[in-house]
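Reviewing the structure listed below.
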Amino acid sequence: QVQLVESGVGLVQPGGSLRLSCAASGIIFSINAMGWYRQASGKQREFVAGISNSGNTNYADYVKGRFTISRDNAKKTVYLQMNNLKYEDTAVYYCHIFVSAYWGQGTQVTVSS
């Protein structure tokens, strides 16, 4: 049974930082490309960042230079380091295994003063 469990829910002030984690189980983690998506209230889910099984990364323009995705294959975990957070980064963040139907349950990130 495949499971993706996110952690790192938080309330942070603008300009602050937060790190999200997504622990995977039930898969051969090292061969899968992974990604983070987000969905703000009343909006469609959108791509944030992705990382290939070899560690190549790509980012949406609106987070480039502020967010960093990484992975630890030994821990079967993918991370999203978010720096210089903005109000518009407020959303539920989801972990996803690319080219699959598997998603995490989502974790709320709120940027507010």
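The values are calculated or read from the model by the stated rules, or taken from the named source; none is laboratory data. As the structure is a prediction and not an experimental result, all values here were calculated from the model. As a convention, Cβ positions derive from the backbone with ideal geometry for all residues, glycine included, and neighbour counts pool all protein chains shown. Accessible surface is based on the protein model in full, side chains and every heavy atom, while ligands, DNA and RNA are left aside. Shrake-Rupley method; radii C 1.70, N 1.55, O 1.52, S 1.80 Å.
Below are the figures for this structure:
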read-out	value
Ratio of the Cα radius of gyration of the chain to 2.2 N^0.38 Å, where N counts its residues	0.99
Value of Rg/Rh across the range 16-67 [Cα atoms, Kirkwood radius]	1.00
Which of 102, 87 is most accessible, then next, and so on - probe 1.4 Å	87, 102
Total lysine pairs whose alpha carbons fall under 27 Å of each other in the range 1-99 (8 or more apart, or interchain)	5
Translational D in µm²/s for the range 49-113 (Stokes-Einstein at 10 °C, 1.306 mPa s, Kirkwood Rh from C-alpha pairs)	122
Relative intensity, log₁₀ I(q)/I(0), of the range 1-44 from a Debye sum that treats every alpha carbon as a point, q = 0.16, 0.24 Å⁻¹	-0.62, -1.01
Vicinal HN-Hα couplings computed from phi for the range 7-13 (Karplus, 6.51 cos²θ - 1.76 cosθ + 1.60; Hz; Gly/Pro x)	8, x, 4, x, 10, 9, 7
Cut-off 14 Å between beta-carbons: net charge of the residues surrounding residue 22, Lys and Arg +1, Asp and Glu -1	+3
Accessible area expressed per residue, the range 60-100, with surrounding protein chains retained (probe 1.4 Å, Å²)	49
